[in-house]
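Accompanying notes for the structure given below.
Since every read-out is calculated from the coordinates, none of them should be taken as a lab result. Owing to the predicted nature of the structure, the values given are computational and were not obtained by experimental measurement. Here the Cβ is made from the backbone with ideal geometry for all residues, glycine too, and neighbour counts use every protein chain on show.
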Amino acid sequence: MYCRGLGLRVIGSFENHDGFDGVMLGVAGAIYHLEFTYSRKHPVRPAPTVDDLAVFYIPAESEWQATCVSMLAAGFKQVTAFNPYWELTGRTYEDRDGYRIVLQQAEWSNVV
């Protein structure tokens with residue numbers, strides 16, 4: 001779902017590492033990845049809230065539009081953001097467990 005929607009790929013995985021299984025999704029050369037883990041001994045129910053977000057800034061409108069289409073095709077549901085700020089130039093999507101992704105059509109800089 002995340003690979004298809006966001007163009008990520010599996011960059012690593014592990015099984016039974018101290019009782020945990022996991023998969024890492026990312027983009028080649030990026031300095032970040034998403035990691036999803038599962039414990040067979042202590043399963044945890046998903047506990048998302050409407051304002052727990054992963055935000056992806058996509059400045060090029062054509063790429064942003066294409067990613068929005070991919071999110072729906074991958075099975076994400078478009079929802080109204082809890083915080084109206086994200087509705088100004090973005091769209092919010094929810095996965096099957098209720099976790100949310102914002103695709104913001106804007107530039108971002110980490111320079112402080």
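What is the angle, in °, between the Cα long axis of helix 61-73 and the longest principal axis of the Cα atoms in the chain? Nearest 10 is fine, range 0 to 90.
40
Helix-only estimate, please: 222 nm mean residue ellipticity of the chain, summing -39500 (n - 2.57) across DSSP H runs of length 4 or more and dividing by its residues, to the nearest 500. It would help to have the intermediate numbers written out before the result.
Numbers: 3 runs with 22 residues, N = 112.
After summing the helix terms and dividing by the residues of the chain, the value is -5000 deg cm²/dmol.
Give the order of Cys68, Cys3 when sorted by the count of other beta carbons within 10 angstrom, beginning with the fewest.
On the way: Cys68 19, Cys3 15.
Exposure proxy ranking, most exposed first: Cys3, Cys68.
Looking at the chain, I'd like the Rg to Rh ratio, where Rg is from alpha-carbon atoms and Rh is Kirkwood's inverse mean 1/r. Intermediate results must be reported in sequence, preceding the final value.
Working: Rg = 15.2 Å, Rh = 15.3 Å.
My calculation puts Rg/Rh at 0.99.
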